[in-house]
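This report concerns only the one structure given below.
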Amino acid sequence: MAVVPMKKVGIVAHAGDFERLTERLAELGMVQITRREGEATDSAKRLDADLTALERAIAFLQSRVDKRPPQLKLSIAQLSRMKAEFPIKDKLGEIDALRKSIEELSARKTSLEHAINALEPYAPLLINFADVRKLQSTRVRVGLIPKMLADALDDFDCELCEHRVFNSDANGVYVAFVCHKSAEAELDALLESCDFAEFHPEKHCDIPAVELTSLLEQLARATDELETAESSARETARELLPTLDAIRALTAMELSRANLAASAERTQKTLFLTGWTKRDDFEGLRENLLDDFDAVEFAEIPPDEGETSPVALKNPPVIEAFEVITDLYGRPRAGMVDPTPFIAPFFPIFFALCLTDAGYGLLLALFSGGMLAFTKLGAGARKFMRFILYSGITTIIIGALAGGWFGISLDPGGGFISRALLSIKLFDPLDNAIEFFAASVFLGVLQVSVGFVLSGVVGVRESANAALKLRAGLLALSWIAVTVGAGIFVANFLVPETIAPFVPIGTAGLKFGALGIVGFSIVLGIIGRRGVGASIGDGLAFDGLYGIVNLFGDLLSYARILALGLSTGVIAGVINIIAGQLSEMIPGVGIIIAGLLVIVGHTAYTGLSALGAFVHPARLHFVEYFTKFYEAGGEPFEPFARTIDGVEIVE
């Protein structure tokens, strides 16, 4: 349960063995290669161009199907042979031509629709614009006037002008004006005051109704051609997507191997790679490479100045699932403890207390267990599903103790099941809200105290001399005393009858803990040659005496567990009440609607409440817990490996 020790390694190989070496390293998947900037090889450039073309084609085809076709099942040899025999350039050319055709037809269809929409209001206008454009002494103006300004037409009096309203819609009234050119200025003044939007027909447009008929015919042809092209794209997607996915995956793996050449230092006949491997894997990896290659040397080398190793974590399966939280915050920096074992006891309990409903926990456990049992998931997805499974199981236990079963009010006088469920109920979040609050604060005291213990461990391990090591340990104890005292102080306001006997202990913890924080920071800091100013600052500033105020805020933040725990039961109960009312209000089908509401409502609310039960405990860990001891900054260990996502590899 720790950060895995790493070794930096160097690999020297004959240039002729390099391709075979990279393939073997990918098979073993035990070395993270140090990437260096370098000129990409011709092979890498070609593979990169192929991969880009494949991804563009796959993205286009994927957008044409609702459900991705199943992956192919192939061995590596079969996959390589398929790629060699598949006419990839011809197929990609056909797909690209199909994509461009659909884009052009879509643009044409959209353009025609806009033109039709613009021309439709003018269809009743029996004017030949070809004749209008030939007029010398007469002006014809056609367009739209907003309805609110159309009254101005009634007041317009010009002997040399005539107008007629030929259409109207929600946008306004459509008007045609005819006037002698000598009265054009008078007409312009009217049109400006009416916010006139003039219609400017295309040069080829003669009679609007005739042009509209032509546009509709063109739109019908474009729509038919587009549907034919889309149908062809869907058929192509169903036929080629599995093959293209597999070829893309193999191409990506080949590109990754080819890029290693740019990361290698080289002479005329040799190449030199550096990287990192787990200490326990070193000997086995060395034996594998020396057995497989005659001209390869594999050895441990010292890290460069300031270089830090990537971080790999090793935990038992149950604890490993909670690496999800560690990775969300960031891998530990060099020398830092792995926080995962210290997350695992707290997170599922916080999650369960935020839900407090065994029924919702059961749904989560069934969902995650089903995903693990019946679907093929990657390593990261499986880890997350195990995290949900363990959190769901914990929720079942704590939810049962809280009497939460899909928000159902259990009747003591009910049947056997109701009495059995009530027999294991220990508390009610609503009836015992104050006690629930006090329990949340207690959990905060416990978790924050663990954080200070770990802070002391890290401080003792990393301090430069004995005085600073002693200082780190004593400060951790002082902060624990203050944390316990602060927790008792807060709990005394909530449950004074229970906490009253412990108040003297809390007072002593606050008093002597505060004195210890100030005294140990200053005295042992100066003795440990930390400096007078820095030591006084440590004792009095945010990490010292002033930080006690923040500690009270940290403990009160755990009240969010109470808030979510109360809301889950209330909203679940509301869903049941509404369903009950619907079943009574609507005879016959009411019971069906109520049943659907219960199923859909509780399923949807399980997802929403689970999201809250994840986010808020994560926030408590990141802000109230990790800040006491943990520093991220490490880069995850990502060994060079054969990763083929678009095909199921079989031996």
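Which is within 35 Å of the chain's Cα centre (by Cα), surrounded by fewer than 18 Cβ atoms within 10 Å (Cβ to Cβ) and free of Cβ contacts under 8 Å to residues at least 12 places away in the same chain, of I577, I571, I526?
Residue meeting the stated conditions: I577.
Only one of the numbered conditions (1) farther than 30 Å from A610 by Cα; (2) part of a helix (DSSP H, G or I) is violated by T568, and that is (1).
Return the residue satisfying two criteria in turn: it lies in the stretch 327-377 and is surrounded by 23 or more Cβ atoms within 10 Å (Cβ to Cβ) and of a type in the set (S, T, N, Q), and of such residues it is farthest from F387 (Cα to Cα). Residue satisfying both the conditions and the ranking: T356.
With respect to E217, determine if the residue is buried (at least 16 other Cβ atoms within 10 Å of the Cβ) and not β-branched (V, I, T). Here the answer is no, as E217 does not meet what is asked. Checking each residue in the stretch 69-93 for being more than 26 Å from N259 (Cβ to Cβ) and either over 33 Å from the mean Cα position of the chain (by Cα) or exposed (fewer than 15 other Cβ atoms within 10 Å of the Cβ) (or both) picks out P70, K73, P87, D90, G93.
What do you reckon, is S80 assigned to a helix (DSSP H, G or I), outside the structural domain of T251 (by TED's automatic domain parsing) and among the hydroxyl-bearing types (S, T, Y)?
For S80, the condition - assigned to a helix (DSSP H, G or I), outside the structural domain of T251 (by TED's automatic domain parsing) and among the hydroxyl-bearing types (S, T, Y) - is not met.
Close contacts from the stretch 325-344, counting a first residue that is among the basic types (K, R) and a second that is part of a loop (DSSP other than H, G, I, E, B), with Cβ to Cβ under 8 Å and a gap of 6+ residues or different chains, come to R331/E635; R333/T308; R333/E631.
Here the stretch 1-29 is the region considered, the condition is being assigned to a loop (DSSP other than H, G, I, E, B) and at pLDDT 85 or above, and the residue that is nearest to I319 (Cα to Cα) is V4. With respect to (1) farther than 14 Å from N259 by Cα; (2) in contact with an Asp or Glu (Cβ under 7 Å, 6 or more places away or on another chain), the lone exception for L47 is condition (1). Among the residues of the stretch 545-565, the ones that are closer than 14 Å to A433 by Cβ and either without any contact (Cβ under 8 Å) to a residue 12 or more places away in the chain or surrounded by fewer than 17 Cβ atoms within 10 Å (Cβ to Cβ) (or both) come to 2 in all. Do we have N171 as at pLDDT 85 or above, farther than 24 Å from Q136 by Cα, in contact with a Phe, Trp or Tyr (Cβ under 7 Å, 6 or more places away or on another chain) and among the polar types (S, T, N, Q) here? For N171, the condition - at pLDDT 85 or above, farther than 24 Å from Q136 by Cα, in contact with a Phe, Trp or Tyr (Cβ under 7 Å, 6 or more places away or on another chain) and among the polar types (S, T, N, Q) - is not met.
The set of residues from the stretch 608-649 being among the small types (G, A, S) and within 25 Å of S455 (Cα to Cα) comprises A618, A632, G633, G634. Residue count for the stretch 261-283 under the criterion of being under 14 Å from E19 (Cβ atoms) and either at pLDDT 90 or above or under 30 Å from the mean Cα position of the chain (by Cα) (or both): the result is 0. The number of residues in the stretch 375-422 being over 24 Å from E435 (Cβ atoms) and modelled with pLDDT of 90 or more comes to 12.
Matching residues to (1) part of a helix (DSSP H, G or I); (2) crowded, with 16+ Cβ neighbours inside 10 Å; (3) without any contact (Cβ under 8 Å) to a residue 24 or more places away in the chain:
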residue: L98; (1), (2), (3): yes, yes, no
residue: E104; (1), (2), (3): yes, no, yes
residue: L126; (1), (2), (3): no, no, no
residue: V140; (1), (2), (3): no, no, no
residue: D157; (1), (2), (3): no, no, yes
residue: E162; (1), (2), (3): no, no, yes
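Taking the criterion of being outside the structural domain of F196 (by TED's automatic domain parsing) and small (G, A, S), would at least one residue in the stretch 67-76 satisfy it? Looking for residues that are outside the structural domain of F196 (by TED's automatic domain parsing) and small (G, A, S), one finds at least one in the stretch 67-76, hence yes. With respect to (1) of a type in the set (V, I, T); (2) under 30 Å from A26 (Cβ atoms); (3) out of contact with any Lys or Arg (no Cβ under 8 Å at 6 or more places or on another chain), the lone exception for T228 is condition (2).
Residues are listed down the side, and each one gets a yes or a no for (1) modelled with pLDDT under 90; (2) closer than 23 Å to R560 by Cβ; (3) part of a helix (DSSP H, G or I):
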residue: A439; (1), (2), (3): no, yes, yes
residue: V445; (1), (2), (3): no, yes, yes
residue: V453; (1), (2), (3): no, no, yes
residue: A467; (1), (2), (3): yes, no, yes
residue: L474; (1), (2), (3): no, no, yes
residue: T483; (1), (2), (3): no, yes, yes
residue: L510; (1), (2), (3): yes, no, yes
residue: S521; (1), (2), (3): yes, no, yes
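For the stretch 377-413, filtering for residues that are assigned to a loop (DSSP other than H, G, I, E, B), of a type outside the set (A, V, I, L, M, F, W, C) and under 29 Å from the mean Cα position of the chain (by Cα) leaves 1. Scanning the stretch 290-333 for residues that are part of a loop (DSSP other than H, G, I, E, B) and among the aliphatic types (A, V, I, L, M) yields A295, I301, A312, A321. The number of residues in the stretch 339-351 that are under 24 Å from the mean Cα position of the chain (by Cα) and within 18 Å of P636 (Cα to Cα) comes to 2. Residues of the stretch 36-65 that are under 24 Å from the mean Cα position of the chain (by Cα) and of a type in the set (G, A, S): A59, S63. Note on the stretch 39-52: residues that are surrounded by 14 or more Cβ atoms within 10 Å (Cβ to Cβ) and assigned to a loop (DSSP other than H, G, I, E, B) amount to 2.
The values are calculated or read from the model by the stated rules, or taken from the named source; none is laboratory data. None of the values given here were measured: they were computed from a predicted structure. Cβ: placed from backbone, ideal geometry, glycine included. Neighbour counts: every protein chain shown.
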